[in-house]
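Visitor: Structure incoming, see below.
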Amino acid sequence: MDNIDTARYQRQILLKELGTGGQCKLSTAKVLVIGAGGLGCPILQYLAAAGIGTLGVVDHDVVELSNLHRQILYTMTDIGLPKAACAAARLQQFNPGITVIPYQLQLSNQNAVAIIGKFDIVIDGSDNFPTRYMINDACALLNKPLIYGALSVSEGQVSVFNVPDSTGAKVNYRDVFPTAPKPGEVLNCAEAGVLGVLPGIIGTMQAAEAIKLITGIGTPLINRLLIYNLYTHHTYQINLKADQTGSSLPADLPAFLSMDYNWFCGIKPADEGLKEISLTKFNTILGDERYTIIDVREYGELPEVTAFKHISIPLSELREEIPLIDSDQVVLFCQSGIRSVIAGELLLESYPDKRFYTLKGGIIQNNDSFIYINNP
Amino acid sequence: MKVQILLFGQLTELIGETHLDLYDVADTDAVFSYLLAKYPSLKHADYQVAVDLEIIQGNTHLTTGMTVALMPPFSGG
């Protein structure tokens, strides 16, 4: 207890369920948070505040203006900077008594095994299915407790995987959702929108589950899936059990390492008719009448693009109805270059003879560098 | 014989309700054939099914007062 600041944690040490023993457990715990976004921010803040000894932060992204309404670790001066480093710096400043390790990288099968292996508990704050399945499989195979959380508009899901209950039974994400939905079937926050407080609540629930698992307080959501509705405050808890039809988990670590999670989630490798283009190429296309340029972001997303002529067809509308397109060459762009690829694949199914291009990195990376085209 | 259907996530937008009451449905297959006929776009949706808070893996017999929850996966973070 010598190295614990008892004054700092006095209010939680005061809890008879926790005490100095519980605080010691927190101070020696190593928790990895994957994704430092809407869920990751409150998870990290509360775990740093609680005195978790070692926190790992995985994120490859940079802070964007549209993140700030829910990703409350970041400020205006962080825009454009890597989230992992910003989050680590802020948390370290907030609590110098803990160790925060930033991992500024895109999670892959290989680095997932190496990084997850260094921690006791993993928390999933990611925002896409390939990463969610990858984290789940790595944690199941490495036998690491995984605290799952995910959002859809006004609802959140929370569960604790890979921790045996009193009968020894344990489940993982694949026992609930054995197969991934097709790309674009389930909207994420960028497409469907979300109130900033929802990830705040769900992320805080995930942080609470971590503290409960580490200290033994209360009843964590082991083998239960909690669904919370922000608009009604309804909660619903489903009992989970191992998939009786057989687990779809990779058999072992070598099988895991050779998994292609994009393919598993239906995300196709670059198609012949769909090509990512650089800003340089994009700028040479601007003003060329043979090309139609389409913004597939939802209406009202910022920044508004005024530098060049284009039309707006949000991805959500493309999913409902494929529009008539006259040109044989179409350039698609979105915020970060993810949705434009999905839109390109959708359009290619209806127009297999046209050529589709998507702006790599989207407008966020390129917005200041468009060639200005004088048009109505 | 009444069964309550609970809908979550995008299914609430797709069906336009958070819950439905169905009458005289003998099993979960009957629930799905009714829902798919009335809401064809449900065919493209992915979801897991729980009857009275327990995940089911195959067709399940229903009796009055039971609750069938349709839960899609969420991806947002």
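The values are calculated or read from the model by the stated rules, or taken from the named source; none is laboratory data. Note that this is a predicted model, so its numbers are computed, not measured. As a convention, Cβ positions derive from the backbone with ideal geometry for all residues, glycine included, and neighbour counts pool all protein chains shown.
Visitor: Which of the following residues is away from every other protein chain (no Cβ under 11 Å) and surrounded by fewer than 18 Cβ atoms within 10 Å (Cβ to Cβ): B:Leu42, B:Leu53?
Guide: Step by step, each of B:Leu42, B:Leu53 is checked, and only B:Leu42 is away from every other protein chain (no Cβ under 11 Å) and surrounded by fewer than 18 Cβ atoms within 10 Å (Cβ to Cβ).
Visitor: Residue by residue through the range A:135-145, note down the ones that are within 14 Å of chain B (Cβ to nearest Cβ) and buried (at least 24 other Cβ atoms within 10 Å of the Cβ).
Guide: A:Ile135, the sole residue that qualifies.
Visitor: Further question: If you go through the range A:305-361, how many residues are among the basic types (Lys, Arg) and assigned to a helix (DSSP H, G or I)?
Guide: Of all residues in the range A:305-361, those among the basic types (Lys, Arg) come to A:309, A:319, A:339, A:354-355, A:360.
From what is left, the residues that are assigned to a helix (DSSP H, G or I) are A:319, A:339.
Matching residues across the range A:305-361 total 2.
Visitor: Conditions: (1) within 14 Å of chain B (Cβ to nearest Cβ); (2) surrounded by fewer than 17 Cβ atoms within 10 Å (Cβ to Cβ). A:Thr20 meets all but one. Number of the miss?
Guide: (1)
Visitor: Working only within the range B:47-74, note down all residues that are assigned to a loop (DSSP other than H, G, I, E, B), within 30 Å of A:Pro199 (Cα to Cα), within 13 Å of the chain's Cα centre (by Cα) and not hydrophobic (A, V, I, L, M, F, W, C).
Guide: Matches in the range B:47-74: B:Tyr47, B:Asp52, B:Pro72.
Visitor: A further question follows. Suppose we filter A:Ser126, A:Ser159, A:Ser154 for residues that are surrounded by 24 or more Cβ atoms within 10 Å (Cβ to Cβ) and either under 26 Å from B:Leu6 (Cα atoms) or not assigned by TED's automatic domain parsing to the domain that holds A:Gly196 (or both); which single one remains?
Guide: Every option except A:Ser159 fails the conditions.
Visitor: Something else about it: Among the residues that make up the range A:166-181, is at least one of them at the interface with chain B (Cβ under 8 Å from one of its Cβ atoms), touching a helix residue (DSSP H, G or I) at 6+ places or on another chain (Cβ under 8 Å), part of a loop (DSSP other than H, G, I, E, B) and surrounded by fewer than 21 Cβ atoms within 10 Å (Cβ to Cβ)?
Guide: The answer is yes; a qualifying residue exists.
Visitor: Could you tell me which numbered condition B:Tyr47 fails, if it satisfies all but one of (1) out of contact with any strand residue (DSSP E or B) (no Cβ under 7 Å at 6 or more places or on another chain); (2) more than 7 Å from chain A (Cβ to nearest Cβ)?
Guide: Just one mismatch for B:Tyr47, condition (1).
Visitor: While we're looking at this one, here's another question. Tell me, which residue of the range B:2-27 that is in contact with a Gly (Cβ under 9 Å, 6 or more places away or on another chain) and surrounded by fewer than 19 Cβ atoms within 10 Å (Cβ to Cβ) is nearest to the other protein chains (Cβ to nearest Cβ)?
Guide: Here the residue is B:Gln4.
Okay, residues lined up against (1) within 14 Å of chain B (Cβ to nearest Cβ); (2) over 19 Å from the mean Cα position of the chain (by Cα); (3) more than 30 Å from A:Asn128 (Cα to Cα):
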site	(1), (2), (3)
A:Arg11	no, yes, yes
A:Val33	yes, no, no
A:Ala36	yes, no, no
A:Gly51	no, yes, no
A:His60	yes, no, no
A:Glu64	no, no, no
A:Ile101	no, no, no
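Visitor: Restricting to the range A:183-232, and then to whatever is assigned to a loop (DSSP other than H, G, I, E, B) and more than 13 Å from chain B (Cβ to nearest Cβ), can you tell me which residue is nearest to A:Gly266 (Cα to Cα)?
Guide: Step one: list which residues in the range A:183-232 are assigned to a loop (DSSP other than H, G, I, E, B), which gives A:183-188, A:193-196, A:216-221, A:223, A:230-232.
Filter once more, so that each one left must be more than 13 Å from chain B (Cβ to nearest Cβ): A:216-221.
Details: A:Gly216: 39, A:Ile217: 40, A:Gly218: 39, A:Thr219: 36, A:Pro220: 33, A:Leu221: 30 Å.
The qualifying residue nearest to A:Gly266 (Cα to Cα) is A:Leu221.
Visitor: Okay, next question. For B:Glu13, indicate whether it is charged (D, E, K, R), assigned to a loop (DSSP other than H, G, I, E, B) and under 27 Å from A:Ala192 (Cα atoms). If you could, list the steps in order and put the result at the bottom.
Guide: Numbers: charged (D, E, K, R): yes; assigned to a loop (DSSP other than H, G, I, E, B): no; under 27 Å from A:Ala192 (Cα atoms): yes.
In short, no.
Visitor: Just to be sure, is A:Thr235 in the same structural domain as A:Ala49 (by TED's automatic domain parsing) and more than 27 Å from A:Val113 (Cβ to Cβ)?
Guide: yes
Visitor: What residue, among those in the range A:232-272 that are within 30 Å of A:Gly361 (Cα to Cα) and touching an Asp or Glu at 6+ places or on another chain (Cβ under 8 Å), is surrounded by the most Cβ atoms within 10 Å (Cβ to Cβ)? Write out each step before concluding.
Guide: First pass over the range A:232-272, keeping only residues within 30 Å of A:Gly361 (Cα to Cα): A:256-272.
Now restrict to residues that are touching an Asp or Glu at 6+ places or on another chain (Cβ under 8 Å): A:256, A:259, A:268, A:270-271.
Numbers: A:Phe256: 21, A:Met259: 16, A:Lys268: 12, A:Ala270: 12, A:Asp271: 14.
Taking the candidates together, the pick is A:Phe256.
Visitor: Go through the range A:235-254 residue by residue and tally those that are within 11 Å of chain B (Cβ to nearest Cβ), part of a loop (DSSP other than H, G, I, E, B) and within 24 Å of the chain's Cα centre (by Cα).
Guide: Filtering the range A:235-254 for residues within 11 Å of chain B (Cβ to nearest Cβ) gives A:236-246.
From what is left, the residues that are part of a loop (DSSP other than H, G, I, E, B) are A:240-246.
Going one step further and asking which of them are within 24 Å of the chain's Cα centre (by Cα), we end up with A:240.
The number of residues fulfilling the criteria is 1.
Visitor: Are any residues in the range A:149-202 over 21 Å from B:Gln48 (Cβ atoms) and over 17 Å from the mean Cα position of the chain (by Cα), and if so, which ones?
Guide: A:Pro164, A:Ser166, A:Thr167, A:Gly168
Visitor: Tell me which residues, restricted to the range A:255-273, are in a loop (DSSP other than H, G, I, E, B) and hydroxyl-bearing (Ser, Thr, Tyr).
Guide: A:Ser258
Visitor: On the phi < 0 side of the Ramachandran plot, under 10 Å from the mean Cα position of the chain (by Cα) and among the hydrophobic types (A, V, I, L, M, F, W, C), is that true of B:Val31? Give the derivation first.
Guide: Values: on the phi < 0 side of the Ramachandran plot: yes; under 10 Å from the mean Cα position of the chain (by Cα): yes; among the hydrophobic types (A, V, I, L, M, F, W, C): yes.
The answer is yes for B:Val31.
Visitor: Now for a different question. Within the range B:57-75, how many residues turn out to be farther than 18 Å from A:Val186 by Cβ and either within 10 Å of chain A (Cβ to nearest Cβ) or buried (at least 16 other Cβ atoms within 10 Å of the Cβ) (or both)?
Guide: Of the residues in the range B:57-75, 7 are farther than 18 Å from A:Val186 by Cβ and either within 10 Å of chain A (Cβ to nearest Cβ) or buried (at least 16 other Cβ atoms within 10 Å of the Cβ) (or both).
Visitor: B:Ser41 fails exactly one of the following numbered conditions: (1) more than 10 Å from the chain's Cα centre (by Cα); (2) among the polar types (S, T, N, Q); (3) over 19 Å from A:Ser152 (Cβ atoms). What is the number of that condition?
Guide: Failing condition for B:Ser41: (3).
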